[in-house]
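**Q** Quick one: the structure is below, questions incoming.
The values are calculated or read from the model by the stated rules, or taken from the named source; none is laboratory data. None of the values given here were measured: they were computed from a predicted structure. FYI the Cβ positions are ideal-geometry reconstructions off the backbone, even for glycines, and counts take in every protein chain you see.
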Amino acid sequence: MDSLYQWGMTNGFREQSFIVVKKNGIIYPKNYVVGTLSGDQTDVNYTLATGEQLLAYFHTHAEDTASYWRTSFSPDDLLEFNKNANVTGYTALLEVGNARYAFVVEDVSKKSAFNISKKGRHEKLYKAVFNTLSSQISNGQTLTEETWIQYLGSATVSGIGFYKATAPNKNNFTKLNP
Ligand SMILES: [Zn+2]
């Protein structure tokens, strides 16, 4: 995941995505997709072979703009996550260089209730929180992180756990919205 991020930083800040699947007890990544040069949107290829179970989707944020440096998930990323967030444990992974983030489905019915309560307006409502906080927080990574903590609220209510791991050990995740 580090190398895919570094690849983007030296190739026009392009993102990459892949999915993580499980088959016969073995977990592995597949379907690597390179993002476009112009946009920051990464397509995800969810094509599965017979017997494969989808566990997670991953993408990078290779960013250069000073105020958005190494930001956490975008509102679009939550929409992408929601496409397959139908089983407990399904995960969205994000690599931003110095940190790694995850959304995890911890309660399917609470997650569904959270989505319904937002009435399909995640982008607009997320941005309202973001705009309020942006006058107080100048660091792009901290700003997007705090926005998710406030927007999702406690995982015990929204059903979505929000996690962060920081370099050098990006496998040591801390829950940001307990
Ligand atoms: Zn993203």
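**Q** Check off (1) part of a strand (DSSP E or B); (2) under 26 Å from G153 (Cβ atoms) for V20 and give me the number that stays unchecked.
**A** Condition (2) is where V20 drops out.
**Q** Another question, then. Residues T91, T42: which one is in contact with a His (Cβ under 6 Å, 6 or more places away or on another chain) and in contact (Cβ under 8 Å) with a residue 12 or more places away in the chain?
**A** T42
**Q** Given the conditions (1) of a type outside the set (G, A, S); (2) within 16 Å of the ligand (Cβ to nearest atom); (3) over 17 Å from E15 (Cβ atoms), and given that L94 satisfies all but one, which numbered condition is not satisfied?
**A** The failed condition is (3).
**Q** Which of the numbered conditions does T144 fail, given that it passes all the others? Conditions: (1) within 13 Å of the ligand (Cβ to nearest atom); (2) in a loop (DSSP other than H, G, I, E, B); (3) polar (S, T, N, Q).
**A** The one condition T144 does not meet is (2).
**Q** Moving on to the next point. Looking only at region 68-89, which residues are at pLDDT below 95, in a loop (DSSP other than H, G, I, E, B) and more than 10 Å from the ligand (Cβ to nearest atom)?
**A** Answer for region 68-89, where residues must be at pLDDT below 95, in a loop (DSSP other than H, G, I, E, B) and more than 10 Å from the ligand (Cβ to nearest atom): W69, R70.
The rows are residues; the columns are (1) without any contact (Cβ under 8 Å) to a residue 40 or more places away in the chain; (2) of a type in the set (A, V, I, L, M, F, W, C); (3) away from the ligand (no atom under 14 Å from the Cβ).
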| residue | (1), (2), (3) |
| --- | --- |
| F13 | no, yes, no |
| K22 | yes, no, yes |
| Y32 | yes, no, yes |
| L37 | yes, yes, yes |
| A49 | yes, yes, yes |
| L55 | yes, yes, yes |
| A62 | no, yes, no |
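**Q** Moving to a separate point now. Has region 151-170 got any residue that is in contact (Cβ under 8 Å) with a residue 12 or more places away in the chain, under 25 Å from V20 (Cα atoms), among the polar types (S, T, N, Q) and not in a helix (DSSP H, G or I)?
**A** Yes, there is a match, as at least one residue in region 151-170 is in contact (Cβ under 8 Å) with a residue 12 or more places away in the chain, under 25 Å from V20 (Cα atoms), among the polar types (S, T, N, Q) and not in a helix (DSSP H, G or I).
**Q** Same structure again: Might you check whether a residue that is modelled with pLDDT of 95 or more and in a loop (DSSP other than H, G, I, E, B) occurs anywhere in region 8-17?
**A** Step one: of region 8-17, the residues modelled with pLDDT of 95 or more are none.
No, every residue in region 8-17 fails to be modelled with pLDDT of 95 or more and in a loop (DSSP other than H, G, I, E, B).
**Q** May I ask you to list the residues in region 90-114 that are more than 14 Å from the chain's Cα centre (by Cα) and at pLDDT 95 or above?
**A** Once the filter is applied, which keeps residues that are more than 14 Å from the chain's Cα centre (by Cα) and at pLDDT 95 or above, region 90-114 yields E106, D107, V108, S109, K110, K111, S112, A113, F114.
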